[in-house]
Amino acid sequence: MRRRWPRPCAPKVIPLLSSALRAASLQAIAASRHARLGEALQFAVADSDAKLRGIAVNLQARFQPGDALPQLVSILDQGAVAEQQGAFATLA
């Protein structure tokens, strides 16, 4: 029988993982089109790491375009130059 972590621990554990591991995990979740992809994207979009947020917004634009648009607008209005460049690349 497969064990599952209780949901409340995910917000506490995820920030402890390295940025590269979080990005790879998010990409694997997206590639498998896991049922909880939306939840994973929400965690990643709110992450403190700009590179992970960029990956998350890019994936969100692909899998949940309606949810990505407000994020992209916010990045273009208030994001750092590198984040804005990523947002333009996502829109291209």
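The values are calculated or read from the model by the stated rules, or taken from the named source; none is laboratory data. Remember, predicted model here, so these are calculated numbers, not experimental data. Here the Cβ is made from the backbone with ideal geometry for all residues, glycine too, and neighbour counts use every protein chain on show. We work out accessible area using only protein heavy atoms, side chains counted, and drop any ligands, DNA or RNA first. Shrake-Rupley method; radii C 1.70, N 1.55, O 1.52, S 1.80 Å.
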The relative contact order of the stretch 17-72, taking Cα pairs under 8 Å that sit 6 or more residues apart, comes to a percentage of 27
Whole-number accessible area per residue in Å² for the stretch 35-78, which is evaluated in the context of all protein chains at 1.4 Å = 57
Summarise the accessible area of the stretch 48-92 (1.4 Å probe, protein heavy atoms) by the percent that is carbon and sulfur.
-> 56
The answer for trypsin sites (Lys or Arg not before Pro) in the stretch 16-92 that fall in a DSSP coil and have at most 15 neighbouring Cβ atoms within 10 Å is Arg33, Arg36
Among residues other than Ala30 whose Cβ falls under 14 Å from its Cβ, what is the net charge (Lys/Arg +1, Asp/Glu -1)?
-> +2
Read phi for every residue in the stretch 25-35 and hand back ³J(HN,Hα) as whole Hz from Karplus 6.51 cos²θ - 1.76 cosθ + 1.60, θ = phi - 60°, with x for Gly and Pro.
-> 5, 5, 5, 5, 4, 5, 5, 8, 6, 4, 4
Report P(r) for the stretch 33-92: all Cα-Cα distances, bin width 10 Å, range 0 to the bin holding the largest distance, values in whole percent.
-> 25, 60, 14, 1
